[in-house]
Amino acid sequence: MNDELQDLENLLRHPGWLRLTEFGLRDIHNRVTTATRNAANLEDDVKALNMLRQCIAARDAVEALIAWPTNQVKRLRELTTRETTTQFSRRGDL
């Protein structure tokens, strides 16, 4: 687990990852903005709504992918903290 934590912390500081996340967020923002404008120009409300749903799903997927390493680091740190603060006694975890 420490290897995974260290790998993810290194990833989050890596210049390539920082560039990728910057590009990904900027690109998805631009695409969603363009698609939203296109949807607003459609006369068919069902098609416009479906286009908006697709845009939101794509944005959510990109944001989830970018957030995963940060969320995983938090989870692993919490697990590590719990493991180091667990006290063992004959009475168990009271």
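Rule-based calculations on the coordinates, nothing more; no lab input. If you're wondering where the values come from, they're calculated on a predicted model, not measured in any experiment. For neighbour counting, all protein chains shown are included, and Cβ atoms are generated from backbone atoms with ideal geometry for every residue, glycine included.
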> Which distance in nm do the two modelled labels at Leu42 and Leu11 give, with both placed 7 Å along the Cα-to-Cβ direction?
Replying inline: 3.4
>> Taking the Cα centroid of the stretch 31-54 and of the stretch 58-81, what is the distance between the two, rounded to the nearest whole Å?
In response: 30
>> How large is the translational diffusion coefficient of the stretch 8-59 in µm² per second when you combine the Kirkwood radius over alpha carbon pairs with Stokes-Einstein at 10 °C and 1.306 mPa s?
In response: 127
> When the helices in the chain are scored as -39500 (n - 2.57) per DSSP H run of 4 or longer and the sum is shared across all residues, what 222 nm value do you end up with, to the nearest 500 deg cm²/dmol?
Replying inline: -30500 deg cm²/dmol
>> Using the Cα centre of the stretch 20-75 as the reference point, and only Cβ charges (+1 on K/R, -1 on D/E), how large is the resulting charge dipole? Debye, rounded to the nearest 20.
In response: 240
> Two-decimal Rg/Rh of the chain from alpha-carbon positions, Kirkwood Rh?
Replying inline: 1.27
